Amino acid sequence: MPPIIWTPTTILPSQRHGPTNMHTNGPSPARLFPTHPEQNAAPLNPRLGHEEPLPSLPDHLLLLAPAAVENPPRALRLANREDLRVLRRGDREDRAEALRFLQCVHDLRQAMHSLVSESPGSEMLLLGQRSMQTAMKRLQKELYRALSADAACSDPESVSARLSGSVRMDDGGSGGEGLPLPPTAMMDLRSIVECMISSGYAKECIAIYTVVRKVIVDKAIRRLGVEKLSVSQVNAMDWEVLEVKVKLWLDAVKVAMTSLFTGERILCDHSFFASDSLGELCFAEICGDGAACLFKFPEIIARRTKKSPEKIFCLLDMYAAISENWLEIESTFAFDSTAGVRSQALASLVRLGESVRAMLTEFKSTIHKDSSKSVVAGGGVHRLTVYTMDHLCRLADYGDTLADIVTEWTTPAKSSLPEEYFDGSDSDDEEEPAPAISLQVATLILVLLCKLDGKAEHYRDVSVSYLFLGNNLQHIISKARASNLRYLLGEEWVARLVRKLRQFAENHERIAWGDVAASLPEDPRAAISPAEASERFRRFNARFEEACRREGTRVPADPKLREEMRASLERKVVRAYGEFYDAHWLTVGGETGGAMSIKYTPEDVGYYLASLFSGSPHSGSESSSSSSPSPSRPSAAFSAASLSPSPRWWNSRSH
């Protein structure tokens, strides 16, 4: 005969008082399952009733095992005897008695199964039901105590830590095979839960379990700093306050997914090992609200945050936190009953991505709309360059996160960027398109270069225009090399900018110092008259002094570039002047007044150049004008409107 699963409503329902009635008279029993001496039982939750004593299961139920097999009616009569003493558990009682108690409940259930099939109208069923109610009340009391008084050893973080690395019970296991011996509290919990479920008290078991565990989990979430906030509340907060809450949320997600929710899932799986569906129901009830509140927060922040580019990093941090924990989210909340948690996490992820893309668009627009017409004194680094590159360097630290966000975004086609500027040639597969994130960053820097080209037009001295472009390009290169931008854009991209920087430096040098070099004859050692030589010396003196005064605040901002320019001038100016000086200083010195035309020795010229390029450049403050007008201008670098540079800009032969 197949086993009969007995439930209280099956036997004499009209006489059943219900297992959830916690109010009885009699002395308070001792603990059925021992706990640590220092732990005291917590008061009952108001939803479970007031703290009142519960009767212990009569000890004569221990006799039911043999009696129920031989004569079920006799066994149930034994259960109703009132002259037997009530089992009292003292401090010395070992766990064997608790196991005997559970065995008695099992035997009582078996005895009532037999009566249902052999004598369904027997009066013994009423006696058995009363005994079962007594046992279930006791177990409900013990279940609450195991969940609340032992919270210190059964909180989700502790459970997860104890069972981390262990083999979780799967569907093929039985009796917890593969799981290391759990702590005493978890063994007691599982024993009580299985006993109540098998006795037909699953509803009462789930009610107590979910109420107590939900309080513990919700308290843990609040302790992590997670609050349930509405959109209106978030909109009323200052951004500084929200930044603090975002930092708390980032820490909370890490703890929640590595210990809190994971530990609770393990505890549910362990306690309800005999019934996956009940374990799923309890876990969804316990963690569903807290998890939904946790993953709702990023969506609210993303909706509240304006398009200010500076606020993008908080959103990227939250996006990364959800992405990095996505596998844990899917596995921990894999049930259909927790699909809402997964949907909420995904909704926040999507919303964060949309906001990040909007902020990147706004950042591009901010660069493009910069309308400052003031020039940086001495051709220094513009504030727009500093701001843009600092922002891009920070964005590059989120390369993987940004790559996920911009993958589905409409990115600029590779062909829209000048091939001489960026072609993604660092890729191992030349046919493989450049990553979307690389194209986006390259486009943002190209917009910056276009703006810098326009700002260079405000300088009235062409040499300063080239110096301005060179200084700003050097700043871009330095920032790229010192950050993750070099991985996003590639070494070839950096090398192309370096070649362009050399052209800027050469053009600046040619215009700024060309007159000095031109004051000397093409062949410094060629024979000329003393008068002509004297005139050459005077012309050199005047142009050299003028160049030194003019370029004193225009040296390159980068030390390496300054040294390269100094070395170039030594080759082209100091060496030529030295040859001219050696060839003609004696003949000029013999002329009347000729000695006055020789003001500098070659060593003096080298010293002045070294002093000029060894110091720091001008502070780079902005002003409304620059040096004296010059008749020629450098060719346009980029067209800011079309983002398409002039072909001459990237031609290595351009001057």
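Going by neighbour counts of Cβ atoms within 10 Å, the residues C548, C287 line up, fewest first, as C548, C287.
Positive contributions from Lys and Arg (+1) and negative ones from Asp and Glu (-1), summed over other residues with Cβ under 11 Å from the Cβ of W239, come out at 0.
Modelled label positions at K572 and E118, each set 7 Å beyond Cα in the direction of Cβ, lie 11.6 nm from each other. Phi angles across region 487-501 convert, under the Karplus curve 6.51 cos²θ - 1.76 cosθ + 1.60 with θ = phi - 60°, into 3J(HN,Hα) values of 7, 6, 9, x, 5, 5, 4, 5, 4, 5, 5, 5, 5, 5, 4 Hz, Gly and Pro given as x. A cut-off under 14 angstrom between Cβ atoms defines the neighbours of K599, and their net charge, with Lys, Arg +1 and Asp, Glu -1, is -1. Remark: the L99-S198 segment gains 34.1 nm on full extension, using 0.36 nm per residue and subtracting the alpha carbon distance. Remark: for residue pairs K373/K560; K245/K311; K369/K455; K306/K455; K219/K245, the C-alpha separation exceeds 21 Å in K373/K560; K306/K455.
Each Lys or Arg adds one and each Asp or Glu takes one away; over the other residues whose Cβ falls under 12 Å from the Cβ of M389, this sums to +3. Between C548 and D397, full extension at 0.36 nm per residue minus the direct alpha carbon distance yields a gain of 50.1 nm.
Within straight-line reach of K141, meaning a Cα separation under 21 Å, sit the following lysines at least 8 residues removed in sequence or on another chain: K203, K214. Among V376, V193, V516, V246, the ranking by other beta carbons within 10 Å of each residue's beta carbon, starting with the fewest, stands as V246, V516, V376, V193.
Under a 5 Å amide H cut-off, with hydrogens placed 1.01 Å from N, V375 pairs with S623, S624, S625 among residues at least 5 apart or on other chains. This ranking places C393, C314 by how few other beta-carbon atoms lie within 10 Å of each, fewest first, which gives C393, C314. For region 227-268, list residues with backbone N below 14 Å from a point placed 7 Å from the Cα of Y387 toward its Cβ? Inside the label zone: nothing. Subtracting the Cα-Cα distance of S337 and S611 from their residue separation scaled by 0.36 nm leaves 91.0 nm.
Every read-out reported here was derived from the displayed coordinates using simple, explicitly stated rules and does not represent laboratory data. This is a predicted model, so every value here is computed, not measured. Because the Cβ atoms are built from the backbone with ideal geometry, glycine has one as well, and the counts that use them run over all protein chains shown.
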